[in-house]
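These notes concern the structure reproduced below.
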Amino acid sequence: MEYSGEVLGIIYQNELNSYTIAEMYIDELEDVKTIVGYLPFIVEGDNLKIIGRFVEHKEYGEQFKVETFEKIMPKTLDSLERYLGNGTIKGVGPATARKIIKEFGEDTIEVIKFAPEKLSIIKGITKDKALEISESFIESFDVWQIVGFLQKFNIGIENAKRIYDKLGIDAINQIKDNPYVLIDLVRGVDFRQIDKMALELGTEETSKNRIQSGIKYGLIQTTYNGHACVLLNNLEIYTQNLLGVSVDEVENNIINLKAKGEIVIEERDDGGEWIYLESFYNTENAICNRIIRLNDYDNSKKIKGIQKEIEKVEKNNSIKLSDKQKEAIKTVNENNITIITGGPGTRKNHYNKINYRNISKEKI
């Protein structure tokens, strides 16, 4: 079911996930109904188009459960006045909203969007403030148009503002021209959904945008498994299977991405070629450089007679460390940098780090 109307009041809104309970006057039913759902950024006075269904709550009765929604332009001057004055538009409160509606009436939206300088005839609105009001009004609705458009790509509403900030007022057209730009802007995006939409919008299967985005998507996917890079051959096979293109097309676009500085190819001593996203390669380098600098400092934490200190801690805490744990503590003592590894459940932190801290405290 699809309805439209005005939000009359917010009963409850969770700050963390934006789950909202609100009262809304539904135009088609000419009645006020309770609506529930995940409705971020919604405030009193907003006009919405909602899609969902009526459900019966065992305690609160009939409610409309919103599955998707879209913010729409107010249909009456009264509702427009409430919208302008609800705090959404920077620089406009209820009193200023009333003055704007009284002065411009049915032309209010046109004036705000296309001739904001006229707003300065109203007492209290300077030319600078008039432009600020216009920019805030336009941005508010541009973001919501983007929200509706992004739903086709299964991209959550929380990403709309970030995409608007990156792409600006022409975001929708830019996404239509190259839907794969979303891969660079939204982490965790469903590449297959974007690819499907791109092909439906007319993107060629062998388009460089498609293949290069598939390559970068493969590199992003490997980071979810804790890897910063992947073997060239593995990446080529993955991309071929993902996109259904030839190995030559994948190789050519890897070269293009390298030329643009978006990926880094590292040749190692064993002859293997490893591919990084440029940002991950830079991060790895920064970490390595930091470790080298730390390792070059004087070891001011070193404890002399570490074996006796370990024995003292064991006695005072009624514990017995294993040979490996003692080895780890001695290694930490001797070196500025120690990397402790091990699978989950091996208690790396509990025994190796905590016990060395106890030794340090007792020594001090």
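For the peptides 265-271, 45-51, 98-104, residues were scored by their other Cβ atoms within 10 Å and the scores averaged per peptide; the highest-first order is 45-51, 98-104, 265-271. Our note on the geometry: Cα centres of the stretch 53-112 and the stretch 249-295, 51 Å apart.
In a DSSP loop and with at most 11 other Cβ atoms within 10 Å, the chymotrypsin sites (Phe, Trp or Tyr not before Pro) in the stretch 1-95 are Tyr60.
Convex hull volume of the Cα atoms of the stretch 2-72, normalised per residue: 81 Å³.
Using C-alpha pairs under 8 Å with a sequence gap of at least 6, the mean separation divided by the residue count of the stretch 210-279 gives a relative contact order of 36 percent.
Of the options [x] 54, 32, 23; [y] 31, 24, 19; [z] 36, 22, 20, only one is semi-axes √(5λ) of the Cα gyration tensor in Å as computed from these coordinates, and that is [x]. A cut-off under 11 angstrom between Cβ atoms defines the neighbours of Ile183, and their net charge, with Lys, Arg +1 and Asp, Glu -1, is 0. Cross-link pairs exceeding 22 Å in C-alpha to C-alpha distance, out of Lys302/Lys326; Lys71/Lys129; Lys102/Lys161; Lys65/Lys113, comprise Lys71/Lys129; Lys102/Lys161; Lys65/Lys113.
Rounded to the nearest Hz, the phi-derived 3J(HN,Hα) couplings of the stretch 50-61 under the Karplus curve 6.51 cos²θ - 1.76 cosθ + 1.60 (θ = phi - 60°) are 10, 10, x, 7, 7, 10, 10, 7, 4, 10, 10, x, where x marks glycine and proline.
Compactness of the stretch 235-318, taken as the C-alpha radius of gyration over 2.2 N^0.38 Å, stands at 1.98. With K and R counted +1 and D and E -1, the other residues having a Cβ less than 13 Å from that of Arg82 yield a net charge of -3. Normalised by the number of residues in the chain, the average gap of Cα pairs under 8 Å and 6 or more apart makes the relative contact order 7 percent.
Taking every lysine pair in the stretch 199-301 that is 8 or more places apart or spans two chains, those with Cα atoms closer than 23 Å amount to 5. P(r) tail for the stretch 120-204: Cα pairs beyond 17 Å make up 51% of the total.
About its Cα centre, the dipole of the stretch 180-229 is roughly 160 debye, where the only charges are +1 on Lys and Arg Cβ and -1 on Asp and Glu Cβ.
Only the coordinates and a few stated rules stand behind these numbers; no lab work does. Quick caveat, the model's predicted, so the values are computed rather than measured. When we count neighbours, we look across all protein chains shown, and the Cβ atoms used for this are built from the backbone with ideal geometry, even at glycine.
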